[in-house]
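The values are calculated or read from the model by the stated rules, or taken from the named source; none is laboratory data. For clarity, every value in this text was computed on a predicted model and none was experimentally measured. Here the Cβ positions follow ideal geometry from the backbone for every residue, glycine too, while neighbour counts run over all protein chains shown. Just the protein is used for accessible areas: all its heavy atoms, side chains included, with ligands, DNA and RNA removed. Shrake-Rupley method; radii C 1.70, N 1.55, O 1.52, S 1.80 Å.
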Amino acid sequence: MFEQLGLIGCGLMGGSFALALRRAGLVKRVVGYSKSPSTTEHARQMGVIDVDAPSALLAVSGADIVLIAVPVAASEATFKSIKHIVTPNMLIMDVGSTKCDVVEAAARGLREQVGAFVPTHPIAGKELAGVDNADADLYSGKQVILTPTDLTLPSHTQRAIAVWNALGCKVVQMAPESHDAAFAAVSHLPHMLAFTLMNSMAGQPNGQTYMELAGPGFRDFTRIAASDPKVWRDILLANRAELLIQSQNFRDQLERFEAAMRTADLQTLEVLITQASATRANWRMTQLP
C-alpha cells in the first residue's frame with residue numbers, strides 16, 4: 001500500500017494508472033499535475049485524482065510512488081523540476097514508448113537520485129488520448145517492459161514489478177537498447193505506415209471516395225493513425241535511428257513485391273504472400289491466461 005501517488009500527466013496513461021492503483025487498493029491518495037490546469041481540474045472532478053497540484057514539484061511532494069506520464073520529449077525537464085524533492089525511498093516510473101532517451105534524460109535530470117527511477121513501458125493504450133478516456137482496465141492483462149540500468153536500485157525494480165503484477169500485468173525486463181530496437185519494428189514503424197497511408201489517401205483527388213468504400217481491413221490497419229500527433233511526433237524522433245533501420249527493411253520487402261508485380265511473376269508473388277501468411281499464422285500475441 002502506498003500513501004500517495006504523485007501523478008505528472010493526467011491523461012489517458014496516467015489517469016488509467018491512478019484508477020487502476022486505486023481500484024486495487026494500492027494507494028490512499030492521488031495528487032496530480034498536468035501542464036494544462038483545466039486537465040488537472042477535470043481529472044479531479046472525475047475522481048481520477050484527489051488533489052490538483054499547481055506544479056510537478058508539488059505533485060511529487062509527500063509521494064512515495066510517482067508516475068511520469070508526459071511526452072518523451074518533456075522527460076528531462078520533468079525530472080529536473082522534481083529532483084530536489086526526490087527521496088531514496090520514492091519509486092519513480094514513466095510510461096514512455098522509447099527508453100534510451102528517457103534513461104539519458106533521467107540521468108541528467110535526477111543526477112544522484114537517478115537510482116529511484118525504474119524506466120517503464122506498459123504495452124497498452126488507445127488511439128483516443130485524454131483523461132476522458134482513462135480506464136482502470138487499460139493495463140489489465142498487458143505486458144509491461146522494465147528497462148532498469150546499472151544505476152537503478154534493485155529494490156526499486158522489485159517494487160515496480162510488484163506494482164504492475166498487482167495490476168494484472170506480465171512484467172518483462174530488457175536493456176533500453178534492446179527495447180528501442182524491438183519497438184521500432186513492432187510499434188513505431190506500424191504507426192508511421194498508418195500515418196503515411198492516411199496521408200496518401202488524403203493526397204489523392206479520389207481519396208475520400210475510396211475511403212467511403214473501405215471495409216474492416218482498412219479500418220483495422222489504419223486505426224492507430226488516429227493517435228495523438230504530439231506524442232507520436234516525439235516517439236518517432238526519439239527512436240529515429242532504429243526506426244530508419246526498420247523503414248529500410250520495409251522498403252526492401254516492398255521492392256520485392258513491386259518487382260514481382262512489374263514482371264507478372266506469379267510464383268514469386270505467391271511465395272512472398274505465403275511467407276507472410278505463415279509468419280502471421282504462427283505469431284501469437286503474448287497475453288496472460
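Couple of notes before you dig in:
- Among beta bridges that DSSP assigns inside the chain, antiparallel share in %, nearest 5: 10 percent
- Percent of C-alpha pairs per 5 Å bin in the range 1-147, short distances first: 2, 11, 22, 25, 22, 14, 4, 0.
- Within the accessible area of the chain (1.4 Å probe), percent carbon and sulfur: 56 percent
- When the P(r) of the range 96-198 is calculated, the portion above 17 Å amounts to 59% of the C-alpha pairs.
- Å³ per residue enclosed by the Cα convex hull of the chain: 149 Å³
- Computed from backbone phi, the HN-Hα couplings of the range 85-98 come to 10, 6, 10, x, 8, 7, 8, 10, 9, 10, 10, x, 7, 10 Hz, rounded to whole numbers (Karplus: 6.51 cos²θ - 1.76 cosθ + 1.60, θ = phi - 60°; Gly and Pro given as x).
- In the context of the full set of protein chains, the range 77-201 has a per residue accessible area of 41 Å² (1.4 Å probe).
- Other residues lying with their Cβ under 11 Å from the Cβ of A43 contribute a combined charge of -3, Lys and Arg counting +1, Asp and Glu -1.
- Over the range 164-210: Rg over Rh, Cα atoms, Kirkwood Rh: 1.29
- With DNA, RNA and ligands ignored, accessible area of D265 (1.4 Å probe; Å², nearest 10): 50 Å²
- Largest to smallest principal axis extent of the C-alpha atoms in the range 193-289, angstrom: 43, 42, 34
- Solvent-accessible area per residue in the range 1-64 equals 41 Å², computed with a 1.4 angstrom probe and all protein chains kept.
- The range 193-274: relative contact order in percent, alpha carbon pairs under 8 Å with at least 6 residues between: 21 percent
- Each residue of the range 219-228 is assigned a 3J(HN,Hα), and the resulting list reads 4, 5, 5, 9, 3, 6, 5, 7, 5, 4 Hz, derived from the Karplus form 6.51 cos²θ - 1.76 cosθ + 1.60 (θ = phi - 60°), x at Gly and Pro.
- Dividing the summed -39500 (n - 2.57) terms of all DSSP H runs of n ≥ 4 by the residue count of the chain sets its mean residue ellipticity at 222 nm at -15000 deg cm²/dmol.
- Residue-wise HN-Hα coupling along the range 58-64, computed from phi with Karplus coefficients 6.51, -1.76, 1.60 (Hz; x: Gly, Pro): 6, 5, 7, 4, x, 7, 10
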